[in-house]
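Q: Structure incoming, see below.
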Amino acid sequence: MPLSPALLALTLASLTQASLLLLASGFALRILRHWDLNSGSERQLELERRTYLVASLVAWVFGASLLSLLLFVYHAEQLSSQFVGAMCATGVLNANAWGWPALYLKMALFFAGAAWLLLNRVDNRAPDYPLVRPKYALLLLIAPLALAEALVQGQFFAGLNPDLITSCCGALFGPDSKGVAAELAGIDPAVSLTALYLSGLTVLASGLIYRWRGWGGHLFALAAAFGFGVALVAIVSGVALYVYEHPHHHCPFCLLKTGHDLVGYALYPPLFAATALALGVGLMTTWRRVPSLEGIIAAEGRRLAGMALILFAIFHGVATWLVLRSNLVLLGSG
C-alpha cells in the first residue's frame with residue numbers, strides 16, 4: 001500500500017502509544033512493589049515525583065488514542081476510492097482480515113483510556129492518592145491492548161493491496177449475505193428502534209438514580225455499555241435506512257459522507273463520549289467508600305453522569321430527528 005501522511009501518522013501514533021505504555025508498565029511494576037506513602041525514603045520520593053511525569057505521558061497516549069480512532073475511520077473512508085468494489089470505509093476494512101479487528105481494538109483502547117483518565121483525575125484530587133496502586137495495575141492490563149492495536153493496525157496497512165477487488169457495504173450488509181453484519185442488518189427496524197428507546201430509558205433511569213441517590217454507579221455503567229451496543233445495532237438496522245431513504249442500505253460508514261450531510265458526525269461522537277463517561281463513573285464508584293475519596297467521587301460521579309446523560313440525549317435526539325425528517329416509510333410513518 002502506498003504511503004500517505006495519514007497512514008504514517010497512524011502508524012507512528014500507534015507505535016508511540018504502545019512504546020510509552022510499555023515504559024509506563026515498567027514504572028507501574030515499581031509502584032506496585034514499592035509504593036508506600038508513609039515512607040520518607042529516597043525511593044518513595046522518587047516514585048512520587050515520577051508519577052506526575054508518567055501520568056502526563058499516559059494522558060497524552062490516551063488523548064492520542066481518540067484522535068487515532070477518528071483518523072483511522074477518516075483514512076479508511078478516503079482510501080475507498082483506491083479499491084475496486086469499495087464505496088466507503090466498509091470496503092477498505094474488508095480488504096483483508098485485519099481491518100475490523102484493528103477498528104475494534106482502537107475502540108477498546110479509547111474506552112479503556114478514557115476510564116483510566118477519569119480514575120486518575122479523582123485520585124489526583126485526594127491528598128493521600130489512594131488509587132495509585134489500582135490505577136497502575138489497570139495500566140498493566142491496558143498496555144498489551146495498545147501493543148495489540150499497533151500490531152494489528154500494522155498488519156492491516158501492510159496487507160492492503162489496491163489491485164484486489166474488495167466487497168462493498170451492500171455485499172456485507174445485504175439480505176443474501178452471511179455473518180454477523182448481515183444478521184444485524186436483518187433485524188426488524190421496529191424491533192431495533194424500540195430497543196434503542198427502551199435502552200435509552202434504562203440509561204436515563206439508572207443515571208438519574210445515581211445522581212439523586214448516590215448509588216448504582218455500576219448499574220449505570222452497565223446500562224450505558226448495553227445501550228451503546230443497542231445503539232450501534234439500531235443505527236445499522238434502522239436509523240441508516242431512514243437516512244439513505246432506502247430499505248436495504250445499512251452501512252454505518254456512509255453516514256459520514258458529505259452526500260448524507262455528514263450526519264454520522266452528529267451521531268457517533270456523543271454516543272462514544274457518553275459511553276466513555278458512564279464507564280468511568282462505574283469504575284470510580286468501585287472506590288466510593290475510601291474515606292479520602294468519598295466526597296470527591298460523589299461530586300465527580302454526579303457531574304460526569306449528568307454530562308453522559310446530556311450526550312446520550314443528544315444522540316437519541318439526533319437519531320429521532322433523522323427518522324422523522326426522512327421520506328422513507330417503514331413503520332407506518334416517515
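Q: For a quick check of your reading of the model, give me the residue pairs whose first member lies in the range 64-91 and is within 16 Å of ALA102 (Cβ to Cβ) and not assigned by TED's automatic domain parsing to the domain that holds TRP116, whose second is β-branched (Val, Ile, Thr) and part of a helix (DSSP H, G or I), with beta-carbon atoms closer than 7 Å and at least 6 apart or on different chains.
A: none
Q: Continuing with the same structure: Being assigned to a helix (DSSP H, G or I) and closer than 20 Å to PRO130 by Cβ is the requirement here; does GLU48 meet it?
A: yes
Q: I've got another one for you. Is there a residue in the range 96-105 that is in a loop (DSSP other than H, G, I, E, B), within 30 Å of PHE253 (Cα to Cα), in contact with an Asp or Glu (Cβ under 8 Å, 6 or more places away or on another chain) and of a type outside the set (Asp, Glu)?
A: Among the residues of the range 96-105, not one is in a loop (DSSP other than H, G, I, E, B), within 30 Å of PHE253 (Cα to Cα), in contact with an Asp or Glu (Cβ under 8 Å, 6 or more places away or on another chain) and of a type outside the set (Asp, Glu), which makes the answer no.
Q: Please verify whether the range 325-333 includes one or more residues that are in a helix (DSSP H, G or I) and either free of Cβ contacts under 8 Å to residues at least 12 places away in the same chain or in the same structural domain as SER199 (by TED's automatic domain parsing) (or both).
A: yes
Q: I would also like to ask the following. Do any residues in the range 227-249 that are in the same structural domain as LEU279 (by TED's automatic domain parsing) and closer than 17 Å to GLY317 by Cβ have Cβ atoms under 9 Å from those of residues that are among the small types (Gly, Ala, Ser) and not in a helix (DSSP H, G or I), where the two are at least six apart or on different chains, and which pairs are they?
A: TYR242/SER326; TYR242/GLY334; VAL243/SER326
Q: Now a separate question. Working only within the range 260-316, note down all residues that are hydroxyl-bearing (Ser, Thr, Tyr) and farther than 21 Å from ALA112 by Cα.
A: Result: TYR265, SER292.
Q: So which of ALA97, ALA59, ALA28, ALA9 is surrounded by 16 or more Cβ atoms within 10 Å (Cβ to Cβ) and small (Gly, Ala, Ser)?
A: Selected residue: ALA28, the only one of ALA97, ALA59, ALA28, ALA9 that is surrounded by 16 or more Cβ atoms within 10 Å (Cβ to Cβ) and small (Gly, Ala, Ser).
Q: When you look at ASP128, is it buried (at least 21 other Cβ atoms within 10 Å of the Cβ) and either under 26 Å from LEU140 (Cα atoms) or touching a Lys or Arg at 6+ places or on another chain (Cβ under 9 Å) (or both), yes or no?
A: So ASP128 does not fit the description; no.
Q: Return the pair list, or none, for Cβ contacts closer than 9 Å from residues in the range 11-24 that are assigned by TED's automatic domain parsing to the domain that holds PHE72 and within 15 Å of VAL58 (Cβ to Cβ) to residues that are at pLDDT 90 or above and of a type in the set (Val, Ile, Thr), at least 6 apart or on different chains.
A: These pairs meet every condition: LEU21/ILE142.
Residues are listed down the side, and each one gets a yes or a no for (1) of a type in the set (Gly, Ala, Ser); (2) closer than 27 Å to ASP128 by Cα:
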| position | (1), (2) |
| --- | --- |
| VAL239 | no, no |
| TYR265 | no, no |
| GLY280 | yes, yes |
| GLU300 | no, yes |
| PHE315 | no, no |
| ALA319 | yes, no |
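Q: List pairs: first residue in the range 283-307 and outside the structural domain of ALA126 (by TED's automatic domain parsing), second residue in a loop (DSSP other than H, G, I, E, B) and among the hydrophobic types (A, V, I, L, M, F, W, C) anywhere in the structure, Cβ distance under 7 angstrom, at least six positions apart or on different chains.
A: Note: pairs meeting the criteria are TRP287/LEU131; TRP287/LEU293; SER292/ALA126; LEU293/ALA126; ILE296/ALA126.
Q: Still on this structure, I have one more. Return yes or no: is ALA55 in a loop (DSSP other than H, G, I, E, B), more than 17 Å from LEU109 (Cβ to Cβ) and not charged (D, E, K, R)?
A: So ALA55 does not fit the description; no.
Q: Just a yes or no: is a residue in the range 105-124 of a type in the set (D, E, K, R) and farther than 21 Å from ALA273 by Cβ?
A: Yes, that holds for at least one residue.
The values are calculated or read from the model by the stated rules, or taken from the named source; none is laboratory data. None of these values were measured; they are calculated from a predicted model. Every residue, glycine among them, receives a Cβ derived from its backbone with ideal geometry; neighbour counts consider all protein chains shown.
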